[in-house]
Each structure stands twice: as structure tokens, then as C-alpha cells.
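Structure first, commentary second.
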Amino acid sequence: MSGHDHEQQDGTDSGARSPREGVDPEVLEFAQMLFQLARDGETERLAAYVDAGVTPDLTNERGDALLMLAAYNGHPETVRALVERGAEVDRANDRGQTPLAGAVFKGYGEVVRLLFEAGADPNGGVPTAIDTARMFEKDAFLELFGV
């Protein structure tokens with residue numbers, strides 16, 4: 001077998017698979033339910049699944065982790081629960097966006113404070129939380145970040 005086993009005669013790579021290919025539909029449905037719990041701020045239910053073994057850093061097809069979805073949708077209790085269970089506060093999605101920058105963009109002060117106090121880096125991601133605060137004139141966040 002050569003190193004070109006996945007190459008078709010037309011030169012395209014037949015080995016490229018979508019992240020969902022070959023995944024049990026029930027598993028996908030379960031994951032989608034978890035992402036929706038994070039979006040909806042269903043803290044107790046989501047925390048119970050994480051406590052039972054679901055990684056707090058589970059990501060969707062865009063690289064959005066549960067924490068990003070909770071932060072971007074303004075759910076401080078869900079953010080707190082995920083952080084307490086080990087969610088990576090600076091985990092960027094596939095576009096380089098962080099939960100902190102997302103919360104700054106949306107203007108969710110309590111979420112911003114929670115993430116910052118949990119160690120989220122205001123200089124991380126693209127754009128950074130600091131750049132986002134400057135762009136949208138959110139001076140209270142710049143003050144919080146010490147800028």
C-alpha cells in the first residue's frame with residue numbers, strides 16, 4: 001500500500017471525512033441536545049451530564065464549546081457551572097473567537113466578570129476581548145481588564 005491510498009484517480013482525497021460521518025445518529029442527537037442546554041442556560045441538566053462524564057469542553061461542528069454557547073447566550077449560572085467543572089475558559093472556536101470576547105460583544109457583564117475572574121485572557125482570540133470592547137465602546141469592560 002502506498003501513501004496515496006486515499007487519493008482517487010482524479011487526484012481528490014477520498015479519505016477526507018466530515019466530523020459527523022460514521023457517527024451514530026443517536027450520539028449526534030445527544031450532543032445537539034447538550035449544545036441546546038448550554039444555549040438555553042439549562043444549568044442543572046447540563047451540569048448533571050458533565051458530572052456524569054460528558055467533557056465540559058465538548059465542541060460542535062464550528063468548534064463552539066459548551067462554555068462559548070453559554071457565554072454568548074448570556075447564562076452566567078451555566079458559565080459558572082461549566083468553569084467549576086473544568087471548562088477551558090480560553091478555548092477558541094474555529095474562527096478564533098473566545099467565550100470572553102463573545103460575552104463582551106453581547107454586553108453580558110456578569111458573564112464577562114465570571115470568565116475574567118476565572119482566568120480568561122482578555123488578549124486571547126481574534127478579535128481579542130479588549131479589541132472587541134474598544135470596537136463597541138464598552139468602557140466598563142476595558143476598565144475591568146485594566147486597560
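Search the stretch 42-73 for residues being crowded, with 18+ Cβ neighbours inside 10 Å and of a type in the set (Gly, Ala, Ser), and hand back the single one that is farthest from the chain's Cα centre (by Cα).
Ala47
What are the residue pairs meeting all of these: first residue in the stretch 70-88, first residue within 15 Å of Gln36 (Cβ to Cβ), second residue β-branched (Val, Ile, Thr) and open to solvent by 20 Å² or more (accessible area, probe 1.4 Å), Cβ atoms under 8 Å, and 6 or more apart or on different chains?
Partner pairs satisfying both residue conditions: His75/Thr43; Thr78/Thr43.
Out of the stretch 114-133, which residues are out of contact with any helix residue (DSSP H, G or I) (no Cβ under 7 Å at 6 or more places or on another chain) and open to solvent by 60 Å² or more (accessible area, probe 1.4 Å)?
Glu117, Asp121, Val126, Asp131
Give Gly102, Gly107, Gly96 a once-over and let me know the one that is touching a Phe, Trp or Tyr at 6+ places or on another chain (Cβ under 6 Å) and not aliphatic (A, V, I, L, M).
Working: Gly107 fails: touching a Phe, Trp or Tyr at 6+ places or on another chain (Cβ under 6 Å); Gly96 fails: touching a Phe, Trp or Tyr at 6+ places or on another chain (Cβ under 6 Å).
Going through Gly102, Gly107, Gly96 in turn, the sole match is Gly102.
Looking for something under 14 Å from the mean Cα position of the chain (by Cα) and in a helix (DSSP H, G or I) - is there at least one such residue anywhere in the stretch 118-131? Walk me through it before giving the result.
Looking only at the stretch 118-131, we keep the residues that are under 14 Å from the mean Cα position of the chain (by Cα), and these are 120, 124-126.
Pick out the ones that are also in a helix (DSSP H, G or I) and you get none.
For the stretch 118-131, residues under 14 Å from the mean Cα position of the chain (by Cα) and in a helix (DSSP H, G or I): absent.
Starting from the stretch 96-116, keep only residues that are more than 13 Å from Ala133 (Cβ to Cβ) and in contact (Cβ under 8 Å) with a residue 60 or more places away in the chain, then list their pairs with residues that are polar (S, T, N, Q) and open to solvent by 60 Å² or more (accessible area, probe 1.4 Å) whose Cβ atoms are within a distance under 6 Å, requiring at least 6 positions of separation or different chains.
Cβ pairs passing all conditions: none.
How many residues does the stretch 19-41 hold that are open to solvent by 50 Å² or more (accessible area, probe 1.4 Å) and either touching a helix residue (DSSP H, G or I) at 6+ places or on another chain (Cβ under 8 Å) or hydroxyl-bearing (Ser, Thr, Tyr) (or both)?
Count: 2.
Restricting attention to the stretch 75-95, and to residues there that are open to solvent by less than 20 Å² (accessible area, probe 1.4 Å) and over 10 Å from the mean Cα position of the chain (by Cα), which single residue is nearest to Met135 (Cα to Cα)?
The qualifying residue nearest to Met135 (Cα to Cα) is Val79.
The values are calculated or read from the model by the stated rules, or taken from the named source; none is laboratory data. Since the structure is predicted, the reported quantities are computational estimates derived from the model, not experimental observations. Every residue, glycine as well, gets a Cβ built from its backbone with ideal geometry; the counts of neighbours run over all protein chains shown. We work out accessible area using only protein heavy atoms, side chains counted, and drop any ligands, DNA or RNA first. Shrake-Rupley method; radii C 1.70, N 1.55, O 1.52, S 1.80 Å.
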